[in-house]
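Q: Sharing a structure below in structure tokens format, with a few things to ask.
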Amino acid sequence: MTSKTVRLTMAQALVKYLCNQFTEIDGERVPLFAGLFGIFGHGNVTCLSEALEQVQDQLPTWRGQNEQSMALAATGFAKAKRRRQIMIAATSIGPGASNMVTAAGTAMANRLPLLLLAGDTFANRLPDPVLQQVEHFNNPTITVNDTFKPVVRYWDRITLPEQIITSLPQAIATMLDPADCGPAFIGLAQDTQEKAFDYPEVFFEPKVWKIPRPRPDRDAVAEAASILKTAKKPLIIAGGGVRYSAAESEVATFAEKHGIPVVETIAGKGGLTHNHPVHAGPIGIVGSTSANALAAEADVVLAIGTRLQDFTTGSWTAFSKEAQFVSINAARFDAIKHRAFSVVGDARETVKELGAALGDWAAPSDLMPRAKELFADWNAILDSHQDRSKDAAVPSYAQVIGVMNKVAEPNDTLIGAAGGTPGEITKNWRVKDPNTFDCEFGFSCMGYEIAAGWGCAMAQEGPGTPGGTPFVLLGDGTYMMMNSDIYSAVLTGHKMIVVVADNGGYAVINRLQQFKGVPGFNNLLTDCRIQNRNDPLHVDFAAHAASMGAATRHVNDLDELEEALIWAKGNDKTTVISIVSDAWTWVPGDADWDVGVPEVSEFEKVRDARKSQDDIRARQRVGV
């Protein structure tokens, strides 16, 4: 330690510190912060941009088109890197900052690291009210940036230049903590960004951060092993934590040795390949008949790295009320859910220790053949729905996905998030290589898809990723919400392939609306308040994407889609393909979902749906 100092503005010191943080991925030392997405405004252009301009070779700055989408791109990057490397999103104050709140919620729900830097009002308040300041008459300390507090793991406002000395390390530690991982927000008061301070030189010494792997309590492991040994029909649920812990091979080895089938959550899908011997399909509301049958029969459920979202548990109707849960999770909050016996620890290390504690114990020998039989039946269902010989006026999602799956290389990553695609890709996509599937369904954020495709394409350039091309599937409704990062990807030279399935509106919500008895309205173009419902205006998505510089095609059938995808694979830039798809054909599910249904209604179908909903709730496990 020395007493030497260097005089820098707060903004300069912040950037210098970020440039000196490193991590290791697969044994290779890389910058912890791979880059920064930025849209400058008066709240950050004069000071923060002055600091960033000088380090473009160390911390590249990428210009965003929309604050929300660039932060979603950063989130997609972090997911592709499995939380081992981080991107930054920086904005001005006011609307620029608040535009990132949705992206912060997406990262928060999915437990992903994201550093958000936003300009703030003046700490000295002398020029108040400044441009884009929202004034609270009874509390002058509140600014727009307070809206981030519910959707980040770490929040701070820098009003003195020396505060970053303690704040930045805490923000990074939070983002890299397996139990507490999530976005970090730091507001930068405009007048504080400019202030100079004599920072200790040691503050800027290069540091290599390593993600901790907390080991579990030995007694807890022993008790978990005792519970498993009582099981006649055990089941493993592999969640996203398996992937973020890089525990895929350990979980697979554990399952094979002990004869336990593995089913996957939406976030966990892709930890195993589709045809892995222990894989029995995705579980839950958008899951497989095979996984859901095994869940209903299970007497002990080993949940690894999952927060047990309602789409995994069928709103807690997918399991027997007598089933015992053993939950392995780095986060205590998740581990104790629903009266589970909790083992708090890193997924990879805990599975190793649990395997040692089990010794040679294995589940009954008829369990795995039963799982394989059920999974074969599920594959037959998928084959039927993806069959291209079926005579249909327009193709279904399943058929479109089947063609995309056929053309995609094993290391290409499929990306989806909202609307009808999450259920259909979770069911229909057959993963060829591990960690090539990204369905953002923690927040199910419409607009994530294309932005995440950009971020995922960036992530493929470094270590720790498959290295293929992102395949993005989204509907027309999501495309209309957020598409500007097609232009971003073209500008920066990051390639993705985007397939727009145009089913004429918000088709999956129309499906839910009518399934619960409400006459369809305000979802499909044909039932909205528009000038011509009989012949509504449809967007030419190929032409729109072409205006942003993408290579494009509109195709009319599945054969043309396959040909276009092969052509797209050979392109050297982002390609967008549009196809009209069916709004009414879906791969059916066999798990229930608890949603609100009116207790009283003029519609008979709603009253019938309410009775069904009461039946669902009567079958729920009672827990926390």
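Q: Looking for something part of a loop (DSSP other than H, G, I, E, B) and not hydroxyl-bearing (Ser, Thr, Tyr) - is there at least one such residue anywhere in the range 347-355?
A: Going residue by residue through the range 347-355, those that are part of a loop (DSSP other than H, G, I, E, B) are none.
No; the residues of the range 347-355 include none that is part of a loop (DSSP other than H, G, I, E, B) and not hydroxyl-bearing (Ser, Thr, Tyr).
Q: Okay, moving on. Which one is most open to solvent (accessible area, probe 1.4 Å), of the residues in the range 22-37 that are of a type in the set (A, V, I, L, M) and in contact with a strand residue (DSSP E or B) (Cβ under 8 Å, 6 or more places away or on another chain)? Steps first, please.
A: The initial filter retains those residues of the range 22-37 that are of a type in the set (A, V, I, L, M), namely 25, 30, 32, 34, 36.
From what's left, in contact with a strand residue (DSSP E or B) (Cβ under 8 Å, 6 or more places away or on another chain): 30, 32, 34, 36.
Working: Val30: 11, Leu32: 0, Ala34: 31, Leu36: 2 Å².
Among those residues, the one meeting the criterion is Ala34.
Q: Select from the range 13-42 the residues that are over 23 Å from Thr106 (Cβ atoms) and of a type in the set (Gly, Ala, Ser) and write down the one among them that is farthest from the chain's Cα centre (by Cα).
A: Here the residue is Ala13.
Q: How many residues, within the range 1-21, are surrounded by fewer than 15 Cβ atoms within 10 Å (Cβ to Cβ) and either in contact with a Gly (Cβ under 6 Å, 6 or more places away or on another chain) or assigned to a strand (DSSP E or B) (or both)?
A: Residues flagged as surrounded by fewer than 15 Cβ atoms within 10 Å (Cβ to Cβ) and either in contact with a Gly (Cβ under 6 Å, 6 or more places away or on another chain) or assigned to a strand (DSSP E or B) (or both) within the range 1-21 amount to 3.
Q: Scan the range 598-608 and give yes if some residue there is hydroxyl-bearing (Ser, Thr, Tyr), at pLDDT 95 or above, in a loop (DSSP other than H, G, I, E, B) and within 30 Å of Gly549 (Cα to Cα), otherwise no.
A: If we filter the range 598-608 for residues that are hydroxyl-bearing (Ser, Thr, Tyr), which is where we start, we get 601.
Right, trim to at pLDDT 95 or above and you get 601.
Filter once more, keeping what is in a loop (DSSP other than H, G, I, E, B): 601.
Right, trim to within 30 Å of Gly549 (Cα to Cα) and you get none.
No, every residue in the range 598-608 fails to be hydroxyl-bearing (Ser, Thr, Tyr), at pLDDT 95 or above, in a loop (DSSP other than H, G, I, E, B) and within 30 Å of Gly549 (Cα to Cα).
Q: Is there a residue being of a type in the set (Phe, Trp, Tyr), closer than 23 Å to Lys232 by Cα and either open to solvent by less than 10 Å² (accessible area, probe 1.4 Å) or modelled with pLDDT under 95 (or both) anywhere in the range 330-342?
A: From the range 330-342, those of a type in the set (Phe, Trp, Tyr) are 333, 341; that's our starting set.
Still in the running and closer than 23 Å to Lys232 by Cα: 341.
If we keep only those that are either open to solvent by less than 10 Å² (accessible area, probe 1.4 Å) or modelled with pLDDT under 95 (or both) as well, we get none.
Scanning the range 330-342 turns up no residue that is of a type in the set (Phe, Trp, Tyr), closer than 23 Å to Lys232 by Cα and either open to solvent by less than 10 Å² (accessible area, probe 1.4 Å) or modelled with pLDDT under 95 (or both).
Q: Can I ask one more? Please state which one of Gly76, Gly94, Gly64 is surrounded by fewer than 24 Cβ atoms within 10 Å (Cβ to Cβ) and in contact (Cβ under 8 Å) with a residue 40 or more places away in the chain. First the steps, then the outcome.
A: Values: Gly76 fails: surrounded by fewer than 24 Cβ atoms within 10 Å (Cβ to Cβ); Gly64 fails: surrounded by fewer than 24 Cβ atoms within 10 Å (Cβ to Cβ).
From the options Gly76, Gly94, Gly64, the qualifying one is Gly94.
Q: So how many residues does the range 577-623 have that are of a type in the set (S, T, N, Q) and closer than 17 Å to Gly314 by Cα? Spell out the reasoning first.
A: Going residue by residue through the range 577-623, those that are of a type in the set (S, T, N, Q) are 578, 581, 585, 601, 612-613, 620.
Remaining after also requiring closer than 17 Å to Gly314 by Cα: 612-613, 620.
The number of residues fulfilling the criteria is 3.
Q: Moving on. Output the residue which, of all residues in the range 430-461 that are acidic (Asp, Glu) and part of a loop (DSSP other than H, G, I, E, B), is farthest from Ala380 (Cα to Cα). Let's see the steps before the verdict.
A: Quick first cut of the range 430-461, residues acidic (Asp, Glu) only: 433, 438, 440, 449, 461.
In the following step, the residues that additionally are part of a loop (DSSP other than H, G, I, E, B) were identified as 433, 440, 461.
Numbers: Asp433: 21, Glu440: 27, Glu461: 37 Å.
Checked the range 430-461; the qualifying residue farthest from Ala380 (Cα to Cα) is Glu461.
Q: Can Thr102 be described as at pLDDT 95 or above, open to solvent by 40 Å² or more (accessible area, probe 1.4 Å), under 17 Å from the mean Cα position of the chain (by Cα) and not basic (Lys, Arg)? It would help to see each step written out before you state the result.
A: Details: at pLDDT 95 or above: yes; open to solvent by 40 Å² or more (accessible area, probe 1.4 Å): yes; under 17 Å from the mean Cα position of the chain (by Cα): yes; not basic (Lys, Arg): yes.
Answer is yes for this residue.
Q: Shifting gears a bit: Please work out if Lys269 is touching a strand residue (DSSP E or B) at 6+ places or on another chain (Cβ under 9 Å), assigned to a loop (DSSP other than H, G, I, E, B) and surrounded by fewer than 20 Cβ atoms within 10 Å (Cβ to Cβ). Spell out the reasoning first.
A: Details: touching a strand residue (DSSP E or B) at 6+ places or on another chain (Cβ under 9 Å): yes; assigned to a loop (DSSP other than H, G, I, E, B): yes; surrounded by fewer than 20 Cβ atoms within 10 Å (Cβ to Cβ): no.
So Lys269 fails the test.
Q: While we're here: Go through the range 294-329 residue by residue and tally those that are over 25 Å from the mean Cα position of the chain (by Cα), aliphatic (A, V, I, L, M) and open to solvent by less than 20 Å² (accessible area, probe 1.4 Å).
A: Adding up the residues that qualify gives 4.
Q: What residue, among those in the range 439-473 that are acidic (Asp, Glu) and under 13 Å from Ala73 (Cβ atoms), is surrounded by the most Cβ atoms within 10 Å (Cβ to Cβ)?
A: Taking the range 439-473 and keeping what is acidic (Asp, Glu), we get 440, 449, 461.
Adding the requirement that they be under 13 Å from Ala73 (Cβ atoms) leaves 440, 449.
On the way: Glu440: 26, Glu449: 33.
Within the range 439-473, the match that is surrounded by the most Cβ atoms within 10 Å (Cβ to Cβ) is Glu449.
Q: Separate question: Exactly one condition in (1) crowded, with 22+ Cβ neighbours inside 10 Å; (2) modelled with pLDDT of 95 or more; (3) aliphatic (A, V, I, L, M); (4) over 23 Å from the mean Cα position of the chain (by Cα) is false for Val45; which is it?
A: Only one criterion is unmet by Val45, namely (1).
Q: Hey, another quick one. Would you tally the residues in the range 532-575 being closer than 16 Å to Tyr487 by Cα, of a type in the set (Gly, Ala, Ser) and surrounded by fewer than 18 Cβ atoms within 10 Å (Cβ to Cβ)?
A: 4
Q: Among the residues of the range 373-418, what is the count of those that are more than 26 Å from the chain's Cα centre (by Cα) and of a type in the set (Lys, Arg)?
A: So the answer is 2.
Q: State yes or no: is Arg153 of a type in the set (D, E, K, R) and either touching a Leu at 6+ places or on another chain (Cβ under 7 Å) or on the phi > 0 side of the Ramachandran plot (or both)? It would help to see each step written out before you state the result.
A: On the way: of a type in the set (D, E, K, R): yes; either touching a Leu at 6+ places or on another chain (Cβ under 7 Å) or on the phi > 0 side of the Ramachandran plot (or both): no.
Here the answer is no, as Arg153 does not meet what is asked.
Q: Turning to a different aspect of this structure: Residues of the range 116-132 being closer than 21 Å to Asn99 by Cα and either open to solvent by 50 Å² or more (accessible area, probe 1.4 Å) or charged (D, E, K, R) (or both), which ones?
A: Step one: list which residues in the range 116-132 are closer than 21 Å to Asn99 by Cα, which gives 116-122, 129-132.
Of everything in the range 116-132, those that are closer than 21 Å to Asn99 by Cα and either open to solvent by 50 Å² or more (accessible area, probe 1.4 Å) or charged (D, E, K, R) (or both) turn out to be Asp120, Phe122, Pro129, Leu131, Gln132.
Q: Report yes if some residue within the range 423-437 is among the aliphatic types (A, V, I, L, M), within 24 Å of Met100 (Cβ to Cβ) and crowded, with 24+ Cβ neighbours inside 10 Å; otherwise report no.
A: In the first step, residues of the range 423-437 are kept if they are among the aliphatic types (A, V, I, L, M); the result is 425, 431.
Cutting the leftovers down to within 24 Å of Met100 (Cβ to Cβ) gives us none.
There is no residue in the range 423-437 that is among the aliphatic types (A, V, I, L, M), within 24 Å of Met100 (Cβ to Cβ) and crowded, with 24+ Cβ neighbours inside 10 Å.
Q: From Ala356, Ala392, Ala371, Ala380, grab the single residue that is open to solvent by 40 Å² or more (accessible area, probe 1.4 Å), closer than 21 Å to Ala255 by Cα and hydrophobic (A, V, I, L, M, F, W, C). Lay out the reasoning, then the answer.
A: Numbers: Ala392 fails: closer than 21 Å to Ala255 by Cα; Ala371 fails: open to solvent by 40 Å² or more (accessible area, probe 1.4 Å); Ala380 fails: closer than 21 Å to Ala255 by Cα.
From the options Ala356, Ala392, Ala371, Ala380, the qualifying one is Ala356.
Matching residues to (1) closer than 21 Å to Gly504 by Cα; (2) touching a residue at least 60 places away in the same chain (Cβ under 8 Å):
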{"site": "Ser384", "(1), (2)": "no, no"}
{"site": "Ser389", "(1), (2)": "no, no"}
{"site": "Val400", "(1), (2)": "yes, yes"}
{"site": "Val407", "(1), (2)": "no, yes"}
{"site": "Thr413", "(1), (2)": "no, yes"}
{"site": "Ala418", "(1), (2)": "yes, yes"}
{"site": "Gly423", "(1), (2)": "yes, yes"}
{"site": "Pro434", "(1), (2)": "no, yes"}
{"site": "Phe437", "(1), (2)": "no, yes"}
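Q: Taking the options Gln85, Gln56, name whichever one is of a type in the set (S, T, N, Q) and open to solvent by 40 Å² or more (accessible area, probe 1.4 Å).
A: Values: Gln85 fails: open to solvent by 40 Å² or more (accessible area, probe 1.4 Å).
One residue alone meets the criteria, Gln56.
Q: So, in the range 101-134, how many residues would count as being touching a strand residue (DSSP E or B) at 6+ places or on another chain (Cβ under 8 Å) and either without any contact (Cβ under 8 Å) to a residue 40 or more places away in the chain or among the polar types (S, T, N, Q) (or both)?
A: Initial filter on the range 101-134 (touching a strand residue (DSSP E or B) at 6+ places or on another chain (Cβ under 8 Å)): 103-104, 107-108, 112-123.
Filter again for either without any contact (Cβ under 8 Å) to a residue 40 or more places away in the chain or among the polar types (S, T, N, Q) (or both), leaving 121.
So the count comes out to 1.
The values are calculated or read from the model by the stated rules, or taken from the named source; none is laboratory data. Values in this document were obtained by computation on a predicted structure and should not be read as measured data. Glycine also receives a Cβ, built like all others from the backbone with ideal geometry; neighbour counts cover every protein chain displayed. Note: areas computed on protein heavy atoms with side chains; ligands, DNA, RNA excluded. Shrake-Rupley method; radii C 1.70, N 1.55, O 1.52, S 1.80 Å.
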